[in-house]
Structure formats: structure tokens, C-alpha cells
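Trainee: Provided herewith is a single structure, encoded as C-alpha cells, for subsequent inquiry.
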Number of protein chains: 2
Amino acid sequence: VLARTTGHSYNNGQSNGNYRAPLIQIDHFGFLEDGTFKQRYLVNNEHWDQKGGPILFYTGNEGDITWFCNNTGFMWDVAEDLGAMLVFAEHRYYGESLPFGQDSYSDTKHLNYLTSEQALADFSVLIRELKRKVLGAQESPVIAIGGSYGGMLSAWLRMKYPNVVVGALAASAPIWQFPDMVPCGDFYKIVTQDFARSGLNCDSNIRRSWKAIDNITATDDGLQWLSGEFSLCSPLKKTDLDDFKAWLQETWVNLAMVDYPYEANFLQPLPRWPIQVVCKHLNFDPSSVSDYQLLGGISEAARVYYNYTGNCPCLNTSSTATGNLGFIGWYYQACTEMVMPLCTDGVQDMFEPQDWNFQAFSDECNSLFGVRPRADWAATVYGGLDIASHSNIIFSNGGLDPWSSGGVTRNISDSVVAIVIPDGAHHLDLRYNNEYDPHTVLSARIQEVEYFKLWITQARKLQIPG
Amino acid sequence: VLARTTGHSYNNGQSNGNYRAPLIQIDHFGFLEDGTFKQRYLVNNEHWDQKGGPILFYTGNEGDITWFCNNTGFMWDVAEDLGAMLVFAEHRYYGESLPFGQDSYSDTKHLNYLTSEQALADFSVLIRELKRKVLGAQESPVIAIGGSYGGMLSAWLRMKYPNVVVGALAASAPIWQFPDMVPCGDFYKIVTQDFARSGLNCDSNIRRSWKAIDNITATDDGLQWLSGEFSLCSPLKKTDLDDFKAWLQETWVNLAMVDYPYEANFLQPLPRWPIQVVCKHLNFDPSSVSDYQLLGGISEAARVYYNYTGNCPCLNTSSTATGNLGFIGWYYQACTEMVMPLCTDGVQDMFEPQDWNFQAFSDECNSLFGVRPRADWAATVYGGLDIASHSNIIFSNGGLDPWSSGGVTRNISDSVVAIVIPDGAHHLDLRYNNEYDPHTVLSARIQEVEYFKLWITQARKLQIPG
């Protein structure tokens, strides 16, 4: 039993006597590399109906699976009603599921098996193995559940391996955030809207802040002042300015992702409706304040995100979120398959204008990892906009979530459906029920469970005899 | 324009100005190997309606694409009615589509990208590229067509890339000939039935022949006699006996595959209903003939297959069929993913009893190629028996074809359907119309075209705007 923070417990699939981790092929798609690795997965069968009760299978994303496990309360909340076993499977190359141990990230050669296709194959092999080995699970319908990249994996698992999962809940899964599918500017427009609706002048003041930073940091004194005002752990140098702005921009993005209606600790510990709290520091009339006053407000706002606990002695611009996420791994994935164009224009959004520049991105990937992204591959392998022939997939999206820009927010067919949660941020529906939940997320969760029950019933009818 | 034997002409996609071959990634599923190769494909647009007329796309199998092109008359026969462009795409590692040129087969490392998943990705990339580049093809619905392994690829292409093809005709595609899906003995039972129904005592005499070979080859004189009787190019040695029997067994199997109702030249030039001709040499009462007489009949029978033209000075036991097939490549594929258990018992079939021995097979693969087959992978990646959630796939099977043992011969749903052609051998429906065609194959072809038209209509309705 691992450390737990949720009041629930789970077994580590690898160490528990009942569920030994299968050896998973490092390369499912080639036979030269015949090595195997141990994939970590967590299991809870407290409420499982051992006579074929369903399995809710979390398709792990780019981070430590225990963290996702503890941030996916929805599965724990619905387990009893469904008589479901819960399985949380870790994505290869993250957490403890390292194909080559400590060497996994050592070079391009070792990173070569970090792809979504390999991860989907891992999940499929693991599910088939569990169904074979766990007494009572042979006929258990399996439902894939995931959020964000994990939600993309859930949808894709159902698309590519419908023999393995009977349906999928893809929460806040931007499966269309790929080249030529959606406008690259929508993402930051949504971030901006979140700030605009959370306080008077909030977005305008952030929009003005970039120029104010330029103005003030034109002198060494200004640089020093800004470093002090933000309590930065390392004082800013002239050459750090782009990084500093990128760090601030990412801060606003992250706030938009986790603008939850209650105190929570996902990317950072935060108050309820954190953007409203941020915006209290940015509500002055833009024309009536100096650059110093404006950036003073920005620094207070940033502190809401980085120091809500009051325990943070200084702000560190080299990171914006929890260490549970695997940033290098995700960067590699973005540099290969997960090419997601984003852009800003400074008019419809509150950021400095920046085009999407594939060539520059490709060159950066090449210098970092020795690989070049393939812009068109995701559309080829995962269907692009043309997903109507699939079935049993729920795409849920929060109206506050910037990633809804690349999400499926309209019904595609009777069984590929969209649920929109207007007051929801990033996969709010996957979190525990909370007294402050808006009714839209409660009704989303009810609908999701209804679909699960429908799929389970369908699966039992379709069961292949023998 | 390449050499043609059919009266039709096609362009080589690589050399024709209108359709340049796209550079295809050698490895679609990893980014370390970033090389590309040229895939050969053949195009005919004589009857194509350039305003979005459909594309019939032949998913090439384990051999030279020109040979498949010339043996898939069905596509040529229906092109005008459908206003269809015809495309025949060569499978990587066969014909001229060699990822590493002459080195492609040099070692395990170079063979590593010879998999069905890579081939499906090749086809998808090629189709998307054609639709982008060929004027008028942007909205063209694409239908995958293939026979045998190529038919499996057609079905799998629709299953895995329904965004790329609107439907698939999988002719004589044994997608269930994998471990634990169908009984391993069914294949040879069907071979035996073909001989049993084609002449009195035919199967019984073949069943007796194995022991007769043992008896006669117990002496050097017998060995010499047998070599002479069969006009073998190289006289038999004691150590060749297993190979000799395997060669004979494969001869009967091949005859079962190509037991067509008219003169044809697929694996070999043959008379109409070749098994009936073979069986004329094997119709004696088994109890009334000596081993010498029996084997004399067998040698006459084998000559029907190997020397129908009368031009063959001696029989060569090292090959049983056309050089257009890539045997080494297919052996490698069987040694990796395409694990298809076959077995005999000598009772329900006319062969010497032989169990399916996975371990022995795996060891042989390891010594030949340095790889080991993964028995369970095909079931995981391609759905096994559980294919009901897919759509728009026709599985056609001939009742005479031994590969129908692993085929889908019952309707799975309204849109995953089976067509059985009782008098058909291996993908007879894909061949040109012929005056000797049984009515069952004519009606199969009519049904197939009706499904094509339905899919094309559906696709036009579903077209995503913009």
C-alpha cells in the first residue's frame, strides 16, 4: 500500500500478490528491441463485484500515476454504484515506469519508445493480462477514463482498441489541438476570457503589463526593482526577460486551467476561484496607474498562484507547477507527435503577439533531442476531425478550460458525444464531488455514469460466447 | 507505363508527373530513424470521375504489386460503373518498395520495419497525400480492397484508420487464423475436403502416400526410383525426405487455394478445376495398388500443378509457386506478428499428424532471423474475435479456400458482413469476370459493388464541411 492522501487506499499492482505486473514489451511495433519493462499500476477493488463487475481504467498521462490517482476522485466516488474495480495505469517514461531505468532519458535512442502509440499498446496489453489473470475479471467490461493528455489516450484507446475497452470518458482532451484542425489562437482567447470575467480591468492590466516590463527593465535599476518586487529567487538579468515573460504567461495559463470553485491543490495549492482572487490585485483603471503600480499588482497576483500557503520564501521562475508532471518527457512528445500549435495576437488575447512557427519549433526540437516533429502524423493516425465512425466516447470539456479550444464540444453521433460544463476548468468532472461544485458539473457526472451503465449493458449483450 | 498483361494500362505513381510518390517514413512509430523511402504504387484513372469520384485502393500484400494488379481484375471490371480511380499500392519490403534498397533484408536491424502496422501507416499516408495532391480527389471516398494477407490489411486499415478509408473489401482474409481464435486443424480439413469432393478415392490415396514414401525410400534403390518417377531436378537423399513431403503437402495446399473454375495462372499455370484433373490420376482403389503404383499416380498429380504447360524439364522441390511472392519477407512476418497456427491429425485430414508447436517455431525464427514471434500481439492489436464495433467491412470467403478456416464467414453486424462463395477458391471474387464463373461469385461481386455504392453515399452525406 502506497502513501495515500485521499482517504482511499490502493494496491500497487506490481507488488501485490494478486496482480503481478506483466512484463510489457519496450517496443510493441518492432522485434529487434525485445526487452521488457515493468509498468506501474494501482488497483482498488474494495467495491468491485467480482462476478464480472466493470473495470474503470485510468489511462495515465505525463506524470506520476499516484498523483493522478489522488486527483481523480470521480472514479472513487462512482466505484460503489458501479461495483467497479479501479485501475490506474502509469504511462511509460513517467513516474516509476521507466523502460530503461535511469537511462530512459539519456539520449534519443533511449527516448525512441516514448510515443502515444506505444502507451496505448501498453494499456491494451495490461488490460488483457488483468482480465486473463484476475479471478472474476474475464468478462468484465473495461471503461477507459482520462483527463487532458490522458483523456486523449482514453479516446484513442477506444478508437484503436475497441476490443479492449467498451467505451471512454475523455475529459478535457484536446484531440483537435493539432495543425489545421482548430485556430491556433483560441487557446489564449479562452485564458483571456477567464480573466476578463473574473474582475474589472483584469485582462486589460495583464495585457498592459508586457510593455510595462519592457519599460522598467530598460535600466539596471528597473531590473533590480522588478526582481525585488517579485521576490525572485534569482535576480533578473537582461537576458532573462523572455523567460520571465514566458513564466508569467504560463502562470496565467495554469490559473485558467485550475480555476476551480473550491480550494484545491492540483498544479499548486490555491484558493477557491483563484482567478477572482488574482484579479482583486488587478482591478485598477489601466490609465490611472504607473508601470510600477501595475507590476506591483501583477506581482501580488502571481503570489496568489505561487504562495497561497505563505510558505514560499521566493518565487522561482524556472517552474510553474507540480513536480509530479514529467516536463522533459512531455516536451519530447511535443517534439515528435504531439504538435499543438498555439498563437497569440495581443488583440483577442492579453498576451504579446506571437505566431505559430513550426520551423523554429522543429529546429529547437532538433537541437534539444535530435528529433524533428511530424506535423501531420497525429491527424493521420488519430483521425483528425473525422471521428464519426467510432462509438462510445464521451468528450467532456469545461468552458473555463483553455484546452477546450482543441476539444470536441459538439455531439458527433449518438455514441460519440460531447458534454460541456460551462463553469468547469480543466477536467473538473474528474475530481471528487465537492459542496461548491456548480450544478453543471454534477449533472455532467450523472450523465457520464449513465453512459457507463449503457456501455456495460451493451457489452454484456454483445459478449462473444465461448 | 509498365509492362502489362491484362489489356489495361496503369501509370507508375513514382514516375508519372501527376502523382509523385510521397516520401514515406521508414519508421512511423519512432523518431530516431527519420529516413524515408519511395513506395511504389500504380494508378489508373481511365474511368475516374474527376469530380470526387471514388478511389478503389488495393492494399498490397507480400509480393510484387504489378502481379497483384494483374490478378485483381474485379477492380478493373467495376471501375467504369463506379467512376473510380484505381490505385494499387505496394507493401513495404516487397517488389520495388525496399526501405533500405538492397540492404533491406541484410539483417534483423534492417528488417525491423517490416510489420503490418507500418504498412497500414504507409497506406494511410499515401492515401492522404493523393487526396491532397490530385486535383479532384480531395473529397473522393476511398475504399480499401485486398485479398489474402492484403485482405487482412484492408480490413485492418478500415478498423484502424476509418478516417482514411470509408470501407473495406477483405477477400479471403484469414484475420482469425491466430492463436486461440479458430481450431488449428480446420485449414487442412478444408484442403482435404477439396480433394475428397473432386474425385473418387482422391483424398484417401494422398493420405496413404506418406507411408508409401517411407516404405519406398527405405532403400537407396527406392530413393532413386522416386527421384526418377518425379523427374526431380536434384535426386533425393535420405535427409531430404521431410522437405520432400513438405513440398508435396504445400503442393496440395496451393492447389486448394487456386482451384478456380477456369484456366488461370496465379501461383502456376493451371487447367480449369485443377483438383479434378489432379484427382483423375488418383482415383484407383487404395487397397488394390502397390506403393509404386500409388506414388506413380502422385507424381502424375504433382505434374498437373508443376508442368501444365509441358515446358518444365524437371520438378524443383525448393519452390512451389510464383516468384512474384516474397517468401523470405513473409516468413519474417510469420516469425514476428503473423503467427498462424496450423496442425494436422491424419484423420480429419489427409496429412501426416503434426501438432502446432509454438516453441519449436519460435526457436526456428530465432535462429533464422534473430527474432521471436509474439503469439498474442495480433489478437491485441487487431481485435481478435471482437470486431463488432467496427463498420463497413465485407469479408468474402470461398468455400473451397483453406484460408476460409480463419475467415469471418458470418455477419457480425449490419455493416460488418460476410459473403460466402461456396464454389470459390482463394479470393476468386477479386478476379476478372469469366464465362465459367459460378453464379455464386457473380452474385458476390454484385453485392460487393452494392456495398461500395452505399458507403460512397454515406461518405458524401457525412463529409465534414470546410
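The values are calculated or read from the model by the stated rules, or taken from the named source; none is laboratory data. The shown structure was predicted, so the numbers you read here are calculated from the model rather than taken from an experiment. So basically every Cβ, Gly included, is an ideal-geometry build from the backbone, and we count neighbours across all protein chains shown. SASA here: full protein model, heavy atoms, side chains in, ligands and nucleic acids out. Shrake-Rupley method; radii C 1.70, N 1.55, O 1.52, S 1.80 Å.
Trainee: Give the nm distances, rounded to one decimal, from B:Gly83 to the matching residue in every other copy, measuring between label points 7 Å along Cα toward the beta carbon; shortest first.
Mentor: In nanometres, ordered from closest: 5.5.
Trainee: Express in % the proportion of alpha carbon pairs of the range B:319-408 at distances exceeding 18 Å.
Mentor: Here the tail beyond 18 Å accounts for 63 percent of pairs.
Trainee: Right, next: Treating only the Cβ atoms of Lys and Arg (+1) and Asp and Glu (-1) as charged, compute the dipole magnitude of the protein assembly as shown about its Cα centre; round to the nearest 20 debye.
Mentor: Dipole size: approximately 840 debye.
Trainee: Whole Å is fine, so just give me how far the alpha carbon centre of the range B:218-288 lies from that of the range A:283-358.
Mentor: The distance from the Cα centre of the range B:218-288 to that of the range A:283-358 comes to 77 Å.
Trainee: Placing a label point 7 Å from Cα toward Cβ, how far apart in nm is B:Asp220 from its equivalents in the other copies, listed shortest first to one decimal?
Mentor: Going from nearest to farthest copy, the values are 10.4 nm.
Trainee: Once every Cα of chain A carries one equal point scatterer and solvent is ignored, give the base-10 log of I(q)/I(0) from the Debye formula at q = 0.07, 0.13 Å⁻¹, two decimals.
Mentor: After summing over all Cα pairs, the log10 values are -0.37, -1.24.
Trainee: Could you state the orientation-averaged shadow area of the convex hull built on the Cα atoms of the protein assembly as shown, in nm² to one decimal?
Mentor: 40.7 nm²
Trainee: Do any cysteines of chain B lack a neighbour Cys whose Cβ is under 4.7 Å away, and which are they?
Mentor: B:Cys69, B:Cys312 - these cysteines have no disulfide-compatible partner (Cβ-Cβ under 4.7 Å) in chain B.
Trainee: Ok, one more. Given bins 10 angstrom wide, list per bin the percent of all Cα-Cα distances in the range B:338-466, short to long.
Mentor: The calculated distribution, bin by bin, is 10, 27, 30, 23, 9, 2, 0.
Trainee: Counting only C-alpha contacts under 8 Å and six or more residues apart, can you give the relative contact order of chain B as a whole percent?
Mentor: This gives 18 percent for chain B.
Trainee: Taking the axis that carries chain B onto chain A, what is the nearest Cβ in chain B, and at how many Å, to the whole number?
Mentor: B:Phe29, 2
Trainee: What are the distances, in nm and sorted shortest first, from the label point of B:Glu46 to the label points of the same position in each other copy, with each label point placed 7 Å from Cα along the Cα-to-Cβ direction?
Mentor: Distances between equivalent label points, in nm: 7.1.
Trainee: Additional query: Lys pairs in chain A, Cα-Cα under 27 Å, at least 8 apart or on separate chains: how many?
Mentor: So the count of such lysine pairs works out to 27.
Trainee: Can you give the convex hull volume per residue for the Cα atoms of the range A:173-288, as a whole number of Å³?
Mentor: 140 Å³
Trainee: Let me ask you something else. About the Cα centre, and with charges only on the beta carbon of Lys, Arg (+1) and Asp, Glu (-1), how big is the dipole of the range B:386-461? Nearest 20 debye, please.
Mentor: 340 debye
Trainee: Which residues of the range A:88-120 bury at least 50 Å² of accessible area once all protein chains are present, versus their chain alone (1.4 Å probe)?
Mentor: A:Asn112
Trainee: Can I ask one more? State the answer as a single residue: which of B:Thr72, B:Gly228, B:Trp356 lies farthest towards the positive end of the charge dipole of chain B, with beta carbon charges of +1 for Lys and Arg and -1 for Asp and Glu, about the Cα centre.
Mentor: So the residue furthest toward the plus end is B:Thr72.
Trainee: Here's a follow-up. How much area per residue is accessible in the protein assembly as shown when the probe is 1.4 Å and only protein heavy atoms are counted (Å²)?
Mentor: 38 Å²
Trainee: State to the nearest 20 debye the size of the charge dipole of chain B about its Cα centre, where the only charges are +1 on K and R beta carbons and -1 on D and E beta carbons.
Mentor: Here the size comes out at about 1280 debye.
Trainee: Further, regarding this structure: Lys and Arg at +1, Asp and Glu at -1: add these up for the other residues within a Cβ distance under 13 Å of A:Ile213 and post the number.
Mentor: Net charge in that neighbourhood comes out at -2.
Trainee: Right, another one. Under the rule of -39500 (n - 2.57) per DSSP H run of 4 or more residues, summed and divided by the residues of chain B, what mean residue ellipticity at 222 nm is obtained, to the nearest 500 deg cm²/dmol?
Mentor: Roughly -11500 deg cm²/dmol at 222 nm, from the helical runs in chain B.
Trainee: Chains B and A: how much accessible area gets covered up at their contact, both sides added, probe 1.4 Å, in Å² to the nearest hundred?
Mentor: In total, this chain pair buries about 3800 Å².
Trainee: Okay, moving on. Give me the distance in nm between label points sitting 7 Å out from Cα along the Cα-to-Cβ direction at A:Glu250 and A:Leu32, one decimal.
Mentor: About 3.5 nm separates the two model spin labels.
Trainee: So what are the three principal axis dimensions of the range A:376-439 from its Cα atoms, in whole Å, longest to shortest?
Mentor: 42, 25, 17
Trainee: Nearest 10 degrees, 0 to 90: what angle lies between the long axis of helix A:439-462 and the longest principal axis of chain A (Cα atoms)?
Mentor: Roughly 20 degrees, rounded to the nearest 10.
Trainee: Evaluate E = 1/(1 + (r/R0)^6) for A:Thr219 and B:Glu96, where r is the Cβ-Cβ distance and R0 equals 41 Å; express this FRET efficiency to the nearest 0.05.
Mentor: 0.05
Trainee: If you don't mind, there's one more thing I want to ask. Among the residues of the range B:29-58, which ones have their accessible area go down by 10 Å² or more when all the protein chains sit together, as opposed to their chain alone (1.4 Å probe)?
Mentor: In the range B:29-58, residues shielded by partner chains: B:Phe29, B:Gly30, B:Phe31, B:Leu32, B:Asp34.
Trainee: Next up: Okay, which of the range B:365-391 sit inside 19 Å, backbone N to the point 7 Å along the Cα-Cβ direction of B:Thr108?
Mentor: In the range B:365-391, the label zone of B:Thr108 (backbone N under 19 Å from the point 7 Å along Cα→Cβ) covers B:365-377.
Trainee: Let me ask something additional. Any chance you could look up the accessible area of A:Lys238 with a 1.4 Å probe, heavy atoms only, rounded to 10 Å²?
Mentor: 110 Å²
Trainee: On to the next question. Of the accessible area of chain A, with the probe set at 1.4 angstrom, what percent is carbon plus sulfur?
Mentor: Ligands and nucleic acids excluded, carbon and sulfur give 49 percent.
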